[in-house]
Amino acid sequence: MTQLSCPLTGIRFLIIEDDMFQVLLLEEILKDMGGTVTDTAFGYEQARDVVLKDGFDCALLDVNLNGTLSFPIAEVLGIRGIPFVFCTGYGAGIDVYPHACRISVVDKPIQPDVLCDAVITALSH
């Protein structure tokens, strides 16, 4: 991929995703936008621990982690004041999240320009 014009240089990301292909895709997209992936969680249990660590500015969060909804993880991020973006195949179904009006959602398959806009929106709130 070529360097995308998106102002994410210096932003450190946590990726919470159960699909390795999606993780690799997100890592590549973020790298091309100037971001850095500092940690990854591949399921709900691992995410519960990783989300309490420091070292990231924004999280990309899959809604369904091997059959477990990630909304409690999103709540922890919200309490900690860490912006996040839901990356999901559910599309409009994300409205089941109680704070949907205040979050950014990106549909899979991930489009770099849409992800960039969603991250910028999340970081600005």
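The values are calculated or read from the model by the stated rules, or taken from the named source; none is laboratory data. These numbers come from a predicted model, not from an experiment. We place every Cβ from the backbone using ideal geometry, glycine too, and count neighbours over all the protein chains shown.
Taking first residues from the range 104-125 that are under 17 Å from I15 (Cβ atoms) and aliphatic (A, V, I, L, M) and partners that are modelled with pLDDT under 90 and part of a helix (DSSP H, G or I), the Cβ contacts under 7 Å between residues at least 6 apart in sequence or on separate chains come to V105/I94. Within the range 31-60, the residues that satisfy the criterion of being under 20 Å from H125 (Cβ atoms), modelled with pLDDT of 95 or more and either touching an Asp or Glu at 6+ places or on another chain (Cβ under 9 Å) or not charged (D, E, K, R) (or both) are G35, V51, F56, C58, A59, L60. For the criterion of being under 11 Å from the mean Cα position of the chain (by Cα) and either closer than 14 Å to A122 by Cα or modelled with pLDDT of 90 or more (or both), I79 fails.
Residue pairs whose Cβ atoms lie under 6 Å apart, sitting 6 or more positions apart in sequence or on different chains, and linking a residue in the range 17-42 that is in contact (Cβ under 8 Å) with a residue 24 or more places away in the chain to a partner that is among the small types (G, A, S) and in a helix (DSSP H, G or I), are A41/A47.
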